[in-house]
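First up is the structure itself, then whatever we jot down about it.
The values are calculated or read from the model by the stated rules, or taken from the named source; none is laboratory data. Treat the numbers as computed from the prediction; the structure is a model and nothing was measured. Cβ placement follows ideal geometry from the backbone for every residue including glycine, while neighbour counts extend to all protein chains displayed. To get the accessible areas, we keep the full protein, side chains included, count just its heavy atoms, and leave off ligands, DNA and RNA. Shrake-Rupley method; radii C 1.70, N 1.55, O 1.52, S 1.80 Å.
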Amino acid sequence: MIKLQIAVDGPASSGKSTVAKIVAQNLGIIYLDTGAMYRAATLVALQNKTEDPEKIIDVIKKKPIFFKNTADGQLVFLGTEDITKIIRTNEVTQNVSKISALSAVREFLVAEQQRIASEGGIIMDGRDIGTVVLPHADLKIFLVASVEERAARRYKENLEKNIPTDLEELKQEIEARDYKDSTRAVSPLKQADDAILLDSTGKTIAQVADFIEAKARELL
Ligand code: C5P
């Protein structure tokens with residue numbers, strides 16, 4: 001069994017999760033979407049009308065966040081509730097940077113991410129994987145793309161899902177989230193010194209996934 005640890009970090013909508021899922025499938029390793037965990041914590045905050053980290057953690061302890069792989073893709077659960085769709089709503093997206101900046105929430109989720117990583121080969125995507133969660137990862141990728149391209153990709157995805165979207169608003173939301181995520185005090189979005197910078201602007205998903213897979217195979 002492959003025991004590689006791969007960290008994929010980068011700004012919002014740079015394609016991290018899409019390529020990480022493909023690489024996970026091709027290498028037969030686990031894929032962990034850490035953004036979904038912060039989104040779940042944000043949903044808990046909104047549902048319970050609280051920004052108190054202890055209360056948020058308390059709810060997650062009672063209703064754990066977990067992932068289920070199905071034929072329709074990976075589902076996210078909070079206790080028994082399937083939260084796959086609701087954590088992608090605008091309300092959650094607009095509040096996630098605030099909740100993910102709470103250090104106690106991060107400590108709690110990072111411990112959980114490290115526990116999952118200890119179980120075997122893994123590719124994890126997020127903002128602080130190469131710097132904080134898996135500082136000794138075998139391969140670290142920092143995936144970027146121009147904000148125009150990232151907004152255009154999300155716009156297309158939303159159209160396909162029949163979600164009405166304004167391209168300019170999307171661009172602003174992405175820029176605002178990147179700013180908050182990279183300037184926060186705890187574990188800001190930052191390229192690890194030993195990460196490979198990969199610019200996906202103008203590249204296809206397959207090209208980016210192939211590059212990461214080839215780098216990973218060099219380490220086997
Ligand atoms: O990856 P995704 O865009 O779903 O992440 C949602 C948010 O979760 C990010 O904007 C960031 O605030 C937070 N996040 C984080 N650390 C991670 C992953 C996500 O702070 N490792």
- Consider residue 188 carefully, then state whether it is in a loop (DSSP other than H, G, I, E, B), within 15 Å of the chain's Cα centre (by Cα) and at negative phi. yes
- Query: Looking at this structure, is residue 203 basic (Lys, Arg) and more than 16 Å from the chain's Cα centre (by Cα)?
  - Reply: yes
- Select the helices (runs of 4 or more DSSP H) contained entirely in segment 14-76, then report the ones holding at least 2 residues which are over 17 Å from the mean Cα position of the chain (by Cα), touching a residue at least 40 places away in the same chain (Cβ under 8 Å) and farther than 17 Å from residue 108 by Cβ. 16-27
- From the options 184, 154, residue that is modelled with pLDDT of 95 or more and basic (Lys, Arg): 184
- Which one is least open to solvent (accessible area, probe 1.4 Å) among residues in segment 77-96 that are assigned to a loop (DSSP other than H, G, I, E, B) and away from the ligand (no atom under 13 Å from the Cβ)? 79
- Note on the structure: Within segment 98-152, of all residues that are over 12 Å from the mean Cα position of the chain (by Cα) and among the hydroxyl-bearing types (Ser, Thr, Tyr), the one nearest to the ligand (Cβ to nearest atom) is 131
- Item | Restricting segment 177-195 to residues that are out of contact with any helix residue (DSSP H, G or I) (no Cβ under 7 Å at 6 or more places or on another chain) and in contact (Cβ under 8 Å) with a residue 12 or more places away in the chain, the residue that is farthest from the ligand (Cβ to nearest atom) | 194
- Item | Flag for residue 131 being open to solvent by 10 Å² or more (accessible area, probe 1.4 Å), without any contact (Cβ under 8 Å) to a residue 24 or more places away in the chain and either assigned to a loop (DSSP other than H, G, I, E, B) or not aliphatic (A, V, I, L, M) (or both) | no
- Where a residue in segment 142-155 is β-branched (Val, Ile, Thr) and its partner, wherever it lies, is part of a helix (DSSP H, G or I), with Cβ under 7 Å and at least six apart: 147/171; 147/174; 147/175
